């Protein structure tokens, strides 16, 4: 298992990635119907980013409990 500092760093990194993915999805939605073909790709990236973040937060919570 990762040490606490490594887990915190991973959560911080994943949080930044998830935030960027959220903003990319938001920006895409504001420009619709332009680039509508990218909806599934951008949404999948946002989904995967947030899924990884939630898993890392769960790991961090378990490590600090």
Would you mind telling me which numbered condition in (1) within 18 Å of the chain's Cα centre (by Cα); (2) closer than 22 Å to residue 65 by Cα residue 2 fails? (1)
With respect to the numbered conditions (1) surrounded by 12 or more Cβ atoms within 10 Å (Cβ to Cβ); (2) over 16 Å from the mean Cα position of the chain (by Cα); (3) part of a helix (DSSP H, G or I), which one is the sole condition not fulfilled by residue 13? (2)
Which condition from (1) surrounded by fewer than 15 Cβ atoms within 10 Å (Cβ to Cβ); (2) closer than 16 Å to residue 8 by Cα; (3) under 10 Å from the mean Cα position of the chain (by Cα) is the one that residue 52 breaks? (1)
Lone unmet requirement of (1) part of a helix (DSSP H, G or I); (2) without any contact (Cβ under 8 Å) to a residue 24 or more places away in the chain; (3) over 15 Å from the mean Cα position of the chain (by Cα) for residue 34: (1)
Would you say residue 60 is surrounded by 12 or more Cβ atoms within 10 Å (Cβ to Cβ), within 30 Å of residue 2 (Cα to Cα) and free of Cβ contacts under 8 Å to residues at least 60 places away in the same chain? yes
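Values in this text are rule-based calculations from the coordinates and carry no lab data. All figures in this text were calculated on a predicted structure; none of them were measured in a lab. Counting neighbours? That spans all protein chains shown, and the Cβs are built from the backbone with ideal geometry, glycine included.
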